[in-house]
Amino acid sequence: MRYLLMFKSTAFSETGVKYDPDFAARRAAYAKSLASAGILLADESLLPSSSGLRITFPPDGGGACVATGPFSAESGLMEGFLIMDACSMDEATEWALKLPVPKGRGEVAVELRQLADPVETYSDPIIMAMERNLREQI
């Protein structure tokens, strides 16, 4: 099963402050241990939200609204993510708890969630009913 470990942004990451070399080395060693265990699928960092856009689509189907960053770190922005292929949520949690965290940069928040299996998603009766409803409206 695939799991997504999302690293939440902080005021430091949103201003582009780089991590100290010690943390960078510990983080690289962590990723290497996941790779050595054969479960690392992706490990990516994101640029600060100042380099991005936020696109919102109104519920009535009107035109999309595009806003340029930066956005508030308190709004749940992501700084990066890691995808692993673990046998269970317990195993993914064990790996997540080994994640090194930078010191002196405030609270570190990560979120661990299982990725939906596309095959399961397509056969989910609720999703199939929603898709039928959407097709009827088009």
Exercise. Would you check if GLU136 is touching a Phe, Trp or Tyr at 6+ places or on another chain (Cβ under 7 Å) and acidic (Asp, Glu)?
Key: no
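Do the conditions hold for LEU46, that is, is it on the phi < 0 side of the Ramachandran plot, open to solvent by 60 Å² or more (accessible area, probe 1.4 Å), among the aliphatic types (A, V, I, L, M) and modelled with pLDDT under 95? Outline the logic, then answer.
Numbers: on the phi < 0 side of the Ramachandran plot: yes; open to solvent by 60 Å² or more (accessible area, probe 1.4 Å): yes; among the aliphatic types (A, V, I, L, M): yes; modelled with pLDDT under 95: yes.
So LEU46 passes the test.
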Quiz item: Just a yes or no: is a residue in the stretch 104-118 under 18 Å from the mean Cα position of the chain (by Cα) and surrounded by 15 or more Cβ atoms within 10 Å (Cβ to Cβ)?
Solution: yes
Quiz item: With LEU77, LEU40 as the choices, which residue is modelled with pLDDT of 95 or more, aliphatic (A, V, I, L, M) and either under 21 Å from LEU97 (Cβ atoms) or open to solvent by less than 80 Å² (accessible area, probe 1.4 Å) (or both)?
Solution: LEU40
Quiz item: LEU82: part of a strand (DSSP E or B), touching a Phe, Trp or Tyr at 6+ places or on another chain (Cβ under 8 Å) and open to solvent by less than 50 Å² (accessible area, probe 1.4 Å), yes or no?
Solution: yes
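Residue by residue through the stretch 49-68, note down the ones that are under 21 Å from TYR19 (Cβ atoms) and surrounded by 13 or more Cβ atoms within 10 Å (Cβ to Cβ).
Within the stretch 49-68, SER49, GLY52 qualify.
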Quiz item: Listed residues GLY76, GLY61; which is in contact with a strand residue (DSSP E or B) (Cβ under 8 Å, 6 or more places away or on another chain) and more than 15 Å from TYR3 (Cβ to Cβ)?
Solution: GLY76
Quiz prompt | Matching residues, the stretch 7-26, being open to solvent by 40 Å² or more (accessible area, probe 1.4 Å) and not acidic (Asp, Glu) | solution = LYS8, ALA11, PHE12, THR15, VAL17, LYS18, TYR19, PRO21, ALA24, ALA25, ARG26
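The values are calculated or read from the model by the stated rules, or taken from the named source; none is laboratory data. Predicted, not measured: the structure shown is a model, and the values here were computed from it. Every residue, glycine as well, gets a Cβ built from its backbone with ideal geometry; the counts of neighbours run over all protein chains shown. For accessibility, only protein heavy atoms count, side chains too; no ligands or nucleic acids. Shrake-Rupley method; radii C 1.70, N 1.55, O 1.52, S 1.80 Å.
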